[in-house]
Amino acid sequence: MGLTQIAASILTSILVGALTRGAQRTYSLLVLSLLALYWFQPVVPLRSFDFWIPTLTIALLLWIWFVASQPGAWKTKQNITGLLIIIGVVVAVDLTRYLPEPAVTSSMPPRFILLAAFLLMAAGAIVISLPFSRRFAWMLSLVTILLISILIVLKSPALSLQASIFFRTLMDRPTETASALDLRWLGISYIAFRLIHVLRDKQTGRLPELSLPEFAVYVAFFPALSAGPIDRAERFVKDLQQEFVPTTEEFLVAGQRIALGLFKKFVVADTLALVALNDALAVQGNSTGWMWFHLYAYAFQIYFDFSGYTDIAIGLARLVGVKLPENFLAPYAKPNLTQFWNTWHMTLTQWIRAYFFNPFNRWIRGYKFLPAWIMLLIGQLATMLLIGLWHGITWNFVLWGAWHGLGLFLQNRWSDFAKMKISPGNPRAQNALKIGGVLLTFHFVALGWVFFALGKPDLSLRVFLKLFGVG
């Protein structure tokens, strides 16, 4: 989100929080969140794709609500109202093509006849898939695989490029200028994880019944659209269902959180970005001291950038009565890597733990011939590789995931050793361990950012050599 979008979000959130109650608040948030899908969507060089990508997001959330809800749930007044609002917003955005200038999307939306055809096809797909979802449990798994496949295509530069070439060919556009960045899908990483959470909890019987307006607001909630946090549906909807009466104190707390986030992102992070490690500095930098300076700048830039956006999202949500979960808790001050990951992007860590790490560990324990340390190593490596690939399917993200997976394993082994060898009654030894642990953990994480900040493994190797004065 840019400053203009944040300012508009603050104003509309204050109005919604102050003027709406009960179902009106939910419907207002539904409209605002759907409009935000279009307005926040980055410019895409493919014609009208800044309209089609958000529309596809809406079609996906509708489809998943229908297959995950009880039979006949759509017939209630609340759900029919929600469905009409959703269709109405999509149609209204499309009709802005007849205004002198695009009002919501970056470029002109497509002709209405094309949208009508798309809506009919989407409705047909929902109707056809409903009987299968009721009768076959594997249908929900199939939808989950589809979401994962979308992420794989978008996160893989090679596949994204081929997808861009395919759409350019389909639209009779030149393919020579195709790029892997042509298909930038706003918030899909967070939207997909929310949808997968709903599908998995539906399969295990843990998902409470959600109305269509509540579900759509949960998936597309505009404060958390582009940078999280990843909330749980049952916790989010509980806040949405509670009566919210704004107070001066509540608005003050929200305002302070938004101001802190703005300062972190647009003052600290954007200033550090001018000197933070990047591909150009990796090539140009020759001094070991300056390379460490650029690396430290990147480590703090990524923290202030990400945590700043999180503060803004949490503050905006509080203006409308939703208390999003915290995502950061002084991660660079933690004495070991496990605590770092328990306080850095906490909602992602908790999601991965619930839906991958714990099930994977239960599965691998079935191979009783494997030593416990091998099981732990495989589980931690697989988990961190998955987190790396969630950011992007490139070799550098693979290396970043492996770096943290191995780090977590070694830290776990060291912790077991330290518990046996160092007496808890020795305060000096404990303090020295804590201070040393903080410094070691920070520098381990900072060195890992080398893979994260750069585009190719050879550049990362060059930076590592410069950092340690080699070559």
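The values are calculated or read from the model by the stated rules, or taken from the named source; none is laboratory data. These numbers come from a predicted model, not from an experiment. Using ideal geometry, Cβ is built from the backbone for each residue, glycine included, and neighbour counts are taken over all protein chains shown.
Hey, among the residues in the range 17-33 that are in contact with a Ser or Thr (Cβ under 9 Å, 6 or more places away or on another chain) and in contact (Cβ under 8 Å) with a residue 24 or more places away in the chain, which one's nearest to Q5 (Cα to Cα)?
Taking the range 17-33 as the starting set, the residues that turn out to be in contact with a Ser or Thr (Cβ under 9 Å, 6 or more places away or on another chain) are 19-20, 23, 26-29, 32.
Then drop every residue that is not in contact (Cβ under 8 Å) with a residue 24 or more places away in the chain, which leaves 23, 26-27, 29, 32.
Numbers: A23: 25, T26: 21, Y27: 20, L29: 16, L32: 12 Å.
The qualifying residue nearest to Q5 (Cα to Cα) is L32.
Go through W373, W400, W390 for me and flag whichever is touching a residue at least 40 places away in the same chain (Cβ under 8 Å) and more than 14 Å from F452 (Cα to Cα).
W373
Out of W390, W414, report the one residue that is modelled with pLDDT under 90, in a helix (DSSP H, G or I), assigned by TED's automatic domain parsing to the domain that holds H294 and within 20 Å of W341 (Cα to Cα).
That would be W414, the only listed residue that is modelled with pLDDT under 90, in a helix (DSSP H, G or I), assigned by TED's automatic domain parsing to the domain that holds H294 and within 20 Å of W341 (Cα to Cα).
Would you please name the residue that is modelled with the lowest pLDDT, looking only at residues in the range 177-206 that are among the small types (G, A, S) and assigned to a helix (DSSP H, G or I)?
Filtering the range 177-206 for residues that are among the small types (G, A, S) and assigned to a helix (DSSP H, G or I), the one modelled with the lowest pLDDT comes out as S189.
I'm trying to understand the selection: among the residues of the range 222-243, which are over 24 Å from Q5 (Cα atoms), out of contact with any His (no Cβ under 9 Å at 6 or more places or on another chain) and in a loop (DSSP other than H, G, I, E, B)?
Q242, E243
One residue is enough: does the range 197-213 have a residue meeting the conditions within 26 Å of D305 (Cβ to Cβ) and not aliphatic (A, V, I, L, M)? Steps first, please.
Here is the first cut: in the range 197-213, the residues within 26 Å of D305 (Cβ to Cβ) are 197.
Filter once more, keeping what is not aliphatic (A, V, I, L, M): 197.
Within the range 197-213, one or more residues are within 26 Å of D305 (Cβ to Cβ) and not aliphatic (A, V, I, L, M).
For the range 137-165, name all the residues that are touching a helix residue (DSSP H, G or I) at 6+ places or on another chain (Cβ under 7 Å) and among the hydroxyl-bearing types (S, T, Y).
Matches in the range 137-165: T144, S160.
Give me the residue from the range 181-205 that is more than 18 Å from the chain's Cα centre (by Cα) and touching a residue at least 24 places away in the same chain (Cβ under 8 Å) and, out of that set, surrounded by the most Cβ atoms within 10 Å (Cβ to Cβ).
K202
In the range 35-50, what count of residues is obtained for those that are in contact with a Pro (Cβ under 8 Å, 6 or more places away or on another chain) and either β-branched (V, I, T) or outside any loop (DSSP other than H, G, I, E, B) (or both)?
Total satisfying the criteria: 3.
Name every residue in the range 154-180 that is of a type in the set (A, V, I, L, M, F, W, C) and surrounded by 15 or more Cβ atoms within 10 Å (Cβ to Cβ), in order of residue number.
Those that are of a type in the set (A, V, I, L, M, F, W, C) and surrounded by 15 or more Cβ atoms within 10 Å (Cβ to Cβ): L154, L159, L161, A163, I165, F167, A178, A180.
Give the range 141-163 a look and list any residue that's among the hydroxyl-bearing types (S, T, Y) and under 19 Å from R200 (Cα atoms), or say none. Give the derivation first.
Kept after step one, since they are among the hydroxyl-bearing types (S, T, Y), are these residues of the range 141-163: 141, 144, 149, 156, 160.
Across the range 141-163, the qualifying residues are S141, T144, S149.
Can you tell me which residue among G455, G436 is at pLDDT below 95 and surrounded by fewer than 14 Cβ atoms within 10 Å (Cβ to Cβ)?
G436
Could you grab me the full set of residues in the range 260-296 that are touching a residue at least 40 places away in the same chain (Cβ under 8 Å), surrounded by fewer than 14 Cβ atoms within 10 Å (Cβ to Cβ) and in a helix (DSSP H, G or I)?
Answer for the range 260-296, where residues must be touching a residue at least 40 places away in the same chain (Cβ under 8 Å), surrounded by fewer than 14 Cβ atoms within 10 Å (Cβ to Cβ) and in a helix (DSSP H, G or I): D279, V283.
For I258, state whether it is aliphatic (A, V, I, L, M) and either farther than 15 Å from T347 by Cα or over 22 Å from the mean Cα position of the chain (by Cα) (or both).
So I258 fits the description; yes.
Kindly indicate which of G17, G88 is over 23 Å from the mean Cα position of the chain (by Cα) and buried (at least 21 other Cβ atoms within 10 Å of the Cβ).
Exactly one of G17, G88 is over 23 Å from the mean Cα position of the chain (by Cα) and buried (at least 21 other Cβ atoms within 10 Å of the Cβ), namely G17.
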